[in-house]
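*Asks:* First the structure, then my questions, so here it is.
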Amino acid sequence: MNDQSPLFLPPDIAPLDHGLIAALRAKVDGLAKPSGALGRLEDLAVQIGAIQGRLDPRADRARAYVFAGDHGLNAEGVSAYPSAVTAAMVATFLAGRASVNALARVCGVEVVVVDAGVDADLAPHAGLIDAKIRRGSRNAAVEPALTAVEVSEALARGAAFADAAAIEGIDILIPGEMGIGNTASAALIMHRLTPAPLEACIGEGAGHDATGLERKARVLGRAAARSDARTPLQVLAEFGGLEIVMMAGLILGGAARRRIVIVDGFISTVAALAAIRLAPAVQDYCVFAHASAERGHAVLLQALDAQPLLQLGMRLGEGTGGVLAAPIVRAAAAILSEVASLEDVLSGRL
């Protein structure tokens, strides 16, 4: 990568049309059902119609992008697992045997795996996209995790995936991730961009015991003290992981292309937070899938004033919660596209 490369500029993202929102609300209210009888599905239907700019939205094709990357911070023991597990899980995704694969098959969601920054040389595979920026981030406890150029390139590559998906006719984008140590990176990003006290952002991750969680908190305290970065690009460079940054790029690109973006759990929501801080209009294009059991997610959702669709006690990542929410999004779109109006019912025009 050339250090003289231009830095990433967020794409233009159109705000939702309030006139269309009013028309969509009127259409929902005029369907053959009591007003408000479908609860939050009605609000979701209006949001989907406004995102797509049409009164008869469709949400047929959904694709989950599982971005994989390693973290230099893991050398400090911030995870209960070694970084080699990231590459092993990539192989599991490609074999179709991970949790996200099983759920995606049931929910009718395509799965694509992206090497954003795995610290290994991965063999070519039909289901793997090589978008590697570098072999893992640097150790954020002692130095910036990424350079400004690396952040910009990761954002640009993520946005390019959204461009390609739009051309292919993908209606729903689901950013997912795999990266040992990435809850540590996400906690630091959340701490600075929410902002929230660091201790409120740190959770068990992949399964720390009390001793491991205490060690993680000490390491993240050192990392936070090392830099006073506050702006989104600076924070991503100081503390980011390549899979998190590339997810933020996908979310930005998805909003620019008027796609529905289903945001998964804690780490995906941190990526959405970064995208929203870069371009606030992004939030209108995001559907928040579920309330993760990972500590910090509730505070993060509250900071974004986001209401998740599901609460299942999940905290796996991989895009699993987003995949589970995809049928709900499809159902909401179908309300506007397929349900008769009360006027048609009463007049017999069915």
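The values are calculated or read from the model by the stated rules, or taken from the named source; none is laboratory data. Since the model is a prediction, treat every value here as computed from it, not as a measurement. No Cβ is skipped: glycine too gets one built from the backbone with ideal geometry, and neighbour counts run over all protein chains shown. In case anyone asks, the SASA skips ligands and DNA or RNA and just uses the protein heavy atoms, side chains included. Shrake-Rupley method; radii C 1.70, N 1.55, O 1.52, S 1.80 Å.
*Asks:* How big is the dipole moment of the chain about its Cα centre under a simple scheme where the beta carbon of each Lys and Arg is +1, that of each Asp and Glu is -1, and everything else is neutral? Debye, nearest 20, please.
*Replies:* The dipole of the chain has a size of about 220 debye.
*Asks:* With a ≥ b ≥ c the root eigenvalues of the C-alpha gyration tensor of region 56-104, is it rounded (a/c under 1.5), prolate (a/b larger than b/c) or oblate?
*Replies:* In terms of gyration-tensor shape, prolate.
*Asks:* Also, I was wondering about something else. Would you mind classifying region 207-253 by shape? Square roots of the alpha carbon gyration tensor eigenvalues, ordered a ≥ b ≥ c; an a/c under 1.5 is rounded, otherwise it is prolate if a/b is larger than b/c and oblate if not.
*Replies:* Because a/c hits 1.5 or more and a/b fails to exceed b/c, region 207-253 counts as oblate.
*Asks:* Remind me, what semi-axes does region 104-174 give for its equivalent ellipsoid, largest first in whole Å, using sqrt of 5 times each Cα gyration tensor eigenvalue?
*Replies:* Over the Cα atoms of region 104-174, the ellipsoid semi-axes are 27, 16, 11 Å.
*Asks:* Still on this model: Once both labels are modelled 7 Å past Cα along the beta-carbon direction, what's the Glu168-Asp17 spacing in nm?
*Replies:* 2.8 nm
*Asks:* Would you kindly find the accessible area of Asp228, with a 1.4 Å probe and non-protein molecules such as ligands, DNA and RNA excluded, rounding to the nearest 10 Å²?
*Replies:* Approximately 120 Å² for this residue.
*Asks:* Right, next: Efficiency by 1/(1 + (r/R0)^6): what FRET value for Ala102 and Asp305, r their Cβ-Cβ distance, R0 = 35 Å, to the nearest 0.05?
*Replies:* The value I calculate is 0.60.
*Asks:* For a test of the definition: using alpha carbon positions, the gyration tensor, and the 1.5 limit on a/c, classify region 113-235 as rounded, prolate or oblate.
*Replies:* The shape class here is prolate.
*Asks:* On each of the three principal axes of the Cα atoms of the chain, give max minus min coordinate, whole Å, ordered largest first.
*Replies:* Rounded to whole Å, the extents work out to 71, 42, 39 Å.
*Asks:* Solvent-accessible area per residue for region 148-292 at a 1.4 Å probe radius, Å²?
*Replies:* With all protein chains present, region 148-292 gives 27 Å² per residue.
*Asks:* Still on this model: For a Förster distance of 45 Å, can you work out the FRET efficiency between the beta-carbons of Ala37 and Val142, rounded to the nearest 0.05?
*Replies:* Working from the Cβ atoms, E equals 0.20.
*Asks:* Give me the dipole magnitude in Debye, nearest 20, for region 204-302 about the Cα centre, with unit charges on the beta carbon: positive for Lys and Arg, negative for Asp and Glu.
*Replies:* 240 debye
*Asks:* For helix 84-94, report the angle its Cα long axis makes with the longest principal axis of the Cα atoms of the chain; keep it between 0 and 90° and round to the nearest 10°.
*Replies:* Computed tilt is about 30 degrees.
*Asks:* Same structure again: Looking only at region 42-60, which residues have a backbone nitrogen under 18 Å from a spot 7 Å from the Cα of Val345 in the C-beta direction?
*Replies:* 42-43, by backbone N distance to the label point.
*Asks:* Of the accessible area of the chain, with the probe set at 1.4 angstrom, what percent is carbon plus sulfur?
*Replies:* 54 percent
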